[in-house]
Amino acid sequence: MTTFHAVVWLDHAQAHVLHFDADAADATHLKLRGKHARHPQQSDVNAFFADVGNALEDASEVLVTGSSGAAADFAAWARGHRPVLEKKIVGVETLAQPTDNQLVAHARKAFVKLDRFNGTPTPS
């Protein structure tokens, strides 16, 4: 599915990545790999964030949501490891874990507001 927008909800153990347009959404669910999911090693977290980054690379604009620590940590990781992805991040929000449908609905509203604020049309 080729889409313009993507949203990710993540905590330090899982991520829900959704690419979407006006009519449909495509979800990818990722989990932290490694032996220490409860107390992950930094290398496990970096590998997890790399998987999330790979899942987002085709998007033109990305909204990052999740637990406050994980969303901010992922944005900081992108700044240090994937500067091209970091430039695509249009917002970082703390959000309690939603269903995929709730996440897409939230992201659609957020992107409409962002596009209006920036004076750009929302692609379909």
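Counted over the chain, the DSSP beta bridges are approximately 55% antiparallel.
For trypsin sites (Lys or Arg not before Pro), the sites in region 25-115 that DSSP calls loop and that have at most 11 other Cβ atoms within 10 Å are R33, K35, R38.
With Cα Rg over 2.2 N^0.38 Å in mind, check [x] 1.05; [y] 1.01; [z] 1.65 and report the label derived from this structure. Answer by label: [y]. With a Förster radius of 35 Å applied to the beta-carbon distance between F4 and Q41, the computed FRET efficiency rounds to 0.50. Taking V92, V62, V112 as the candidate residues, the one with maximal mean-square fluctuation in a Gaussian network model of the chain, Cα springs under 10 Å, is V112. Taking θ as phi - 60° and the Karplus parameters 6.51, -1.76 and 1.60, the scalar couplings of region 82-90 work out to 9, x, 5, 5, 4, 5, 7, 6, 9 Hz in sequence order, x denoting glycine and proline.
Got the relative contact order for region 5-118 handy, in percent, Cα pairs under 8 Å and 6 or more residues apart? That works out to 28 percent.
For the chain, lysine pairs separated by 8 or more sequence positions, or belonging to different chains, with Cα-Cα distances below 23 Å total 5.
Backbone geometry of region 46-58 corresponds, through the Karplus equation with coefficients 6.51, -1.76 and 1.60 at θ = phi - 60°, to 3J(HN,Hα) couplings of 4, 5, 4, 4, 5, 4, 5, x, 4, 5, 9, 4, 7 Hz, x marking Gly and Pro. Can you tell me the 0 to 90 degree angle between the C-alpha axis of helix 68-81 and the longest principal axis of the chain, rounded to 10? So the inclination is approximately 90 degrees.
No lab work stands behind these numbers, since they all come straight from the coordinates. Worth saying up front: this structure is predicted, and the values here are computed from it rather than measured. Positions of Cβ are generated from backbone atoms using ideal geometry, with glycine treated the same way; all protein chains shown enter the neighbour counts.
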